[in-house]
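Taking it in order: structure first as structure tokens, then the write-up.
Computed from the coordinates by the stated procedures, all read-outs in this text should not be read as laboratory data. Keep in mind that what you see is a predicted model, and the values were worked out from it rather than measured. Counting neighbours? That spans all protein chains shown, and the Cβs are built from the backbone with ideal geometry, glycine included.
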């Protein structure tokens with residue numbers, strides 16, 4: 001099951017609107033850096049941050065940094081590569097894993113609450129039928 005559409009963090013905005021914000025207001029679009037500067041080769045976070053230091057510096061002053069990161073986390077096929085919101089892939093992988101874990105817990109808790117509510121409703125209906133002499 002692809003959870004990317006469910007993994008949001010308080011952004012009540014569509015992916016299309018986030019992309020538009022990025023294109024219009026992202027500091028990356030006017031940074032003058034080459035595409036290679038945005039894609040570190042190293043996998044470990046520390047090494048990747050060193051390789052992408054210029055891109056990360058651009059992100060630090062970006063007005064849509066949080067939206068950029070949100071977009072990368074939602075759209076993992078794209079967001080698993082390069083610098084997004086001042087983070088490198090290894091950092092976003094940890095953020096994404098934490099969100100999936102949290103979402104899984106919330107869904108399980110809600111599922112348990114739904115089952116309990118159904119059970120209580122069934123008991124109440126059964127008692128009501130008994131009192132009415134139908135059982």
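Just want the ordering: 19, 38, from fewest to most Cβ atoms lying within 10 Å of their own Cβ.
The order, fewest Cβ neighbours first, is 19, 38.
As a rough footprinting exposure proxy, the listed residues 58, 100, 78, 83 were ranked by other beta carbons within 10 Å of their own, and the order from fewest upward is 78, 100, 58, 83. Under the criterion of Cα pairs below 8 Å and six or more residues apart, the relative contact order for region 47-135 equals 21 percent. Region 67-135 and region 45-64 have Cα centres lying 32 Å from one another.
Calculated [222 nm] ellipticity per residue, helices only, for the chain: -20000 deg cm²/dmol; basis is -39500 (n - 2.57) per DSSP H run with n ≥ 4, divided by all residues, nearest 500.
Sorting the segments 26-33, 89-96 by their mean number of nearby beta carbons within 10 angstrom, highest to lowest, gives 89-96, 26-33. Each distinct pair of alpha carbons in the chain adds a 1/r term; the inverse of their mean, the Kirkwood radius, is 17.6 Å. The label point for residue 33 and the one for residue 46, both projected 7 Å from the Cα toward the Cβ, are 2.1 nm apart.
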